[in-house]
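No lab work stands behind these numbers, since they all come straight from the coordinates. Source: prediction; values computed, not measured. Virtual Cβ from ideal backbone geometry, glycine too; neighbours counted across all protein chains shown.
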Amino acid sequence: MYPAHCVATGCPRMYAHDADGVRWIGCIDGVFTAEVDLRRLQEQEAAHPGFGALRADGAPGVRCKAAIDPTFPHRDAGECTEPGFRAAHPRAADGREPVTTRRTPPGS
C-alpha cells in the first residue's frame, strides 16, 4: 500500500489526527493498520517518488495503489508458493525506504 497515493488523491477513506506533536494519518477501512507521520512521508515522497509502501492488512479498494515487492528477487524465475497472490498484484518500483509508523491505538 502507498499512503502517499492516498494523500495525493485526497482519498476520502483516510483520517488524520494530531498526537505527540505529529500529524498521523491512517486508513478508515484498515487497508493498512499502521499510522504514518504525514510530514515525514511527504518529505521522503518528494525526494524518493514511490516511497513509503506499507504492508496491506486488509483488501485494497479500487482506488488504492498497491503492489507486491518480492522478498527474494533472485528467486523470481522459480515457482511461487502462492501463484494466485503474485498474479493478482503488480510489482512495486525499487528504492523505497522505511517510514515512521505506529500501530493504530486500540479503540481508534
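Taking 0.36 nm per residue of separation and subtracting the Cα-Cα distance, full extension of the segment from Val62 to Arg13 would add 16.5 nm.
Sort the following peptides by mean Cβ neighbour count (other Cβ atoms within 10 Å, averaged over residues), highest first: 53-61, 14-22. Let's see the in-between values first.
On the way: 53-61: 15.0, 14-22: 11.0.
Result, highest mean first: 53-61, 14-22.
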